[in-house]
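Input: a single structure, listed below in structure tokens.
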Amino acid sequence: MFKIDVDNINGKTESLYVYGEDSILTELEANNVLVNHSCRQGHCGSCILKLVKGDVVHQECLVPLSQGEILACQSRPVSDIKITTKI
Amino acid sequence: MSYSIFNQKINDTLKEPMFFGDAVNVARFDQQKFEMFEKLTEKQLSFFWRPEEIDVSKDKIDFGKLLPNEKHIFISNLQYQILLDSVQGRSPNIAFLPIVSLPELENWIETWAFSETIHSRSYTHIIRAIVNEPGAVFDEIMKTEEIIQRATSVSKHYDKLIKHTQAYLLNGEGEHQIDGKTLNINMYSLKRLLYLTIMSVNILEAIRFYVSFACSFAFAERKVMEGNAKIIKLIARDEALHLTGTQHMLNLMRDGKDDPDMQAIAIECEAEVIQMFKDAANQEKEWAEYLFRDGSMIGLNAQILKQYLEYITNIRMSALNMQPIFEQTTNPLPWLNHWLDSDNVQVAPQETEITSYLVSAIDNTIDSEDEDFSDFKL
């Protein structure tokens, strides 16, 4: 299992424990952490988060991402990670 | 002015606005003002599918076993989607192509509308498979008051924009007599109509479609009508792309990255847009009542569908940087995400490029201070 440290996303700071099988967006939703999203398919860029620590597997997306940015709908953790909202 | 299918004026498309600039002449994709539309087209082309690829033969057996109220939900839902895709299969081309000014956006609009026609074809494929007289289902659409009401609300913005742009393209700006009425055509009001039309399309693809998707997937969650759900899943994948297209256009306009007039219009129309979202949510709630008038089905009823409508309306408004209008809640239909995540659309490896990658896993810059390789010797 991997630990997702949620750092102040929509007012929530907590640790989630996940198997790494579902997208970070799905895991956040399952734990009632509200996060902006729309298409769920890596096109719209609504769910951009900042990856502070750890590694994720990231599927292809149409959105240009800066270093350290991930789309919650297109990424799965492959180690313990820490995420926060895009600054 | 009069419209020409091949504008002979030499222009720089990198300096044109998205709409109402010089008409596109050469369809060139070596340069793009807004690369996103080129990416959307490429993505849509990579999504190409045909309804015949999906086997819906088991759905006929399943359909026969559905309760009468469930048959009403299933068929009405499909009829509504037929209406939406009939509109979307033709209207982006008719409304937007005559006024578009960027080749990459022109190409995206054509590709977008074409994919909607595949959706329309897939409804015929499903209905042919599940009922003995498919004609009756189609004939009923134009006789069902609840569906016709929706048709009016989804097409009225398109109709107005088409009427005004046609008058403009034939006669230019000014006052014109059309059908015994005086139309006052000026560029600012045309742009305003365009903004509201794109917003109405966004609402159609981002909210109205999702009510139907929820119903289709609710059947498949019970392991019935799964062929239909597989097709709807492919349609949902396309629609997510389309709504990104309209969201992107609207955000470019509002952020002042396109036409300065459009930024002013976006601010001016904010109250009207909020009302459009409210109206659409209310109309879809009425539709939910109609769907479930004879009873609910396992996993879904009018109440939950209405909660989902409020949830999805908030999500779509946030994507356009607008304040949500309903109380913010978590998703009342969490199982829907399994059907809407692109990850779950299975493709054979030989049919697709594997593009998964590890973010920050590869570091191309190595210098003497990197300790990872300090023990390494040749």
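Considering only segment A:1-60, state which residues are within 14 Å of A:Ile83 (Cβ to Cβ) and of a type in the set (Lys, Arg). Hits for segment A:1-60 are A:Lys3, A:Lys12, A:Lys50, A:Lys53. When B:Arg28 is tested against the conditions (1) touching a Pro at 6+ places or on another chain (Cβ under 6 Å); (2) basic (Lys, Arg); (3) assigned to a helix (DSSP H, G or I), the lone failure is (3).
Do you know which of the residues in segment A:38-53 that are more than 9 Å from every other protein chain (Cβ to nearest Cβ) and either among the charged types (D, E, K, R) or not in a strand (DSSP E or B) (or both) is farthest from B:Pro324 (Cα to Cα)? First the steps, then the outcome.
Filtering segment A:38-53 down to residues more than 9 Å from every other protein chain (Cβ to nearest Cβ) leaves A:47-50, A:52-53.
After this cut, where a residue has to be either among the charged types (D, E, K, R) or not in a strand (DSSP E or B) (or both) as well, the list is A:47, A:50, A:53.
Working: A:Cys47: 16, A:Lys50: 23, A:Lys53: 31 Å.
Residue satisfying both the conditions and the ranking: A:Lys53.
Number of residues in segment B:268-323 that are out of contact with any Phe, Trp or Tyr (no Cβ under 7 Å at 6 or more places or on another chain), within 14 Å of chain A (Cβ to nearest Cβ), in a helix (DSSP H, G or I) and of a type outside the set (A, V, I, L, M, F, W, C): the value is 4.
From the list B:Met199, B:Met225, the lone residue that is closer than 21 Å to B:Glu310 by Cα, among the hydrophobic types (A, V, I, L, M, F, W, C) and either without any contact (Cβ under 8 Å) to a residue 40 or more places away in the chain or buried (at least 21 other Cβ atoms within 10 Å of the Cβ) (or both) is B:Met199. Under the condition of being surrounded by 13 or more Cβ atoms within 10 Å (Cβ to Cβ) and closer than 12 Å to B:Tyr290 by Cα, the residues counted in segment B:135-149 number 3.
State all residues of segment A:75-87 that are without any contact (Cβ under 8 Å) to a residue 60 or more places away in the chain and facing another protein chain (nearest Cβ under 8 Å); if no residue qualifies, say none.
If we filter segment A:75-87 for residues that are without any contact (Cβ under 8 Å) to a residue 60 or more places away in the chain, which is where we start, we get A:75-76, A:86-87.
Answer for segment A:75-87, where residues must be without any contact (Cβ under 8 Å) to a residue 60 or more places away in the chain and facing another protein chain (nearest Cβ under 8 Å): just A:Ser75.
Kindly state which helices (runs of 4 or more DSSP H) lie completely within segment B:90-191 and contain at least 3 residues that are within 19 Å of B:Leu241 (Cβ to Cβ).
Working: elements: B:103-130, B:134-141, B:145-171.
Answer list for segment B:90-191: B:103-130.
Does B:Phe6 fit the bill of being under 30 Å from B:Leu291 (Cβ atoms) and at pLDDT below 95? Spell out the reasoning first.
On the way: under 30 Å from B:Leu291 (Cβ atoms): no; at pLDDT below 95: yes.
So B:Phe6 fails the test.
Looking only at segment B:307-339, filter to residues that are among the charged types (D, E, K, R) and within 20 Å of the chain's Cα centre (by Cα); which one of those is nearest to A:Ala72 (Cα to Cα)? Full working, then the answer.
Residues of segment B:307-339 among the charged types (D, E, K, R): B:310, B:316, B:327.
After this cut, where a residue has to be within 20 Å of the chain's Cα centre (by Cα) as well, the list is B:310, B:316.
Values: B:Glu310: 22, B:Arg316: 17 Å.
Once the filter is applied, the top-ranked residue is B:Arg316.
Residue count for segment A:49-59, restricted to those that are crowded, with 16+ Cβ neighbours inside 10 Å and in contact with an Asp or Glu (Cβ under 8 Å, 6 or more places away or on another chain): 5.
The set of residues in segment A:23-37 being surrounded by 19 or more Cβ atoms within 10 Å (Cβ to Cβ) and either of a type outside the set (D, E, K, R) or facing chain B (nearest Cβ under 9 Å) (or both) consists of A:Ser23, A:Ile24, A:Leu25, A:Thr26, A:Leu28, A:Glu29, A:Val33, A:Val35, A:Asn36, A:His37.
Is it true that B:Phe20 is closer than 30 Å to B:Glu104 by Cβ and at pLDDT 95 or above?
Details: closer than 30 Å to B:Glu104 by Cβ: yes; at pLDDT 95 or above: yes.
The answer is yes for B:Phe20.
Within segment B:225-254, being closer than 22 Å to B:Val56 by Cβ and touching a Leu at 6+ places or on another chain (Cβ under 7 Å) holds for one residue alone: B:Ala236.
The values are calculated or read from the model by the stated rules, or taken from the named source; none is laboratory data. All figures in this text were calculated on a predicted structure; none of them were measured in a lab. Neighbour counts are summed over all protein chains in view; Cβ atoms, including those assigned to glycine, are modelled from backbone coordinates with ideal geometry.
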